[in-house]
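> First the structure, then my questions, so here it is.
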Amino acid sequence: MFPMISRLEQVRQIKEIIAGLKAELDAEGIAYSDSIQFGIMVETPAAAVMSDVLAKEVDFFLSLIHISEP
């Protein structure tokens with residue numbers, strides 16, 4: 001799970017980094033689980049507003065937004 005996501009581009013960059021790390025492990029013959037789920041923490045208003053878009057890119061997310069009543 002990755003914290004403080006506020007833009008779709010961040011999610012896509014993280015996915016690219018993970019793909020690169022998996023390729024390195026494959027090249028070195030190091031075993032790893034390919035069934036690890038990818039999740040984000042929705043902690044910013046920007047992420048909350050676009051949570052429907054972010055949800056399409058990840059396996060799960062945890063929402064930590066607190067809205068105060070006036």
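> Considering the range 32-49 alone, what residues qualify as being open to solvent by 50 Å² or more (accessible area, probe 1.4 Å), touching a helix residue (DSSP H, G or I) at 6+ places or on another chain (Cβ under 8 Å) and not acidic (Asp, Glu)?
Residue satisfying the conditions is 32 alone.
> Another question, if that's okay. For the range 3-31, which residues satisfy the criterion of being under 27 Å from residue 50 (Cβ atoms) and open to solvent by less than 70 Å² (accessible area, probe 1.4 Å)?
The answer is 5, 6, 8, 10, 11, 14, 18, 19, 20, 22.
> Taking the range 1-36, which residues are assigned to a loop (DSSP other than H, G, I, E, B) and either touching a Phe, Trp or Tyr at 6+ places or on another chain (Cβ under 6 Å) or farther than 16 Å from residue 58 by Cα (or both)?
Restricting attention to the range 1-36, the residues satisfying the condition of being assigned to a loop (DSSP other than H, G, I, E, B) are 1, 3-7, 28-36.
Matches in the range 1-36: 28, 29, 30, 31, 32, 33.
The values are calculated or read from the model by the stated rules, or taken from the named source; none is laboratory data. As the structure is a computational prediction, the values presented were derived from the model and not from experiment. Cβ sites come from the backbone with ideal geometry, for glycine too, and all protein chains shown count toward neighbours. These accessible areas exclude ligands, DNA and RNA; they are computed on the full protein's heavy atoms, side chains included. Shrake-Rupley method; radii C 1.70, N 1.55, O 1.52, S 1.80 Å.
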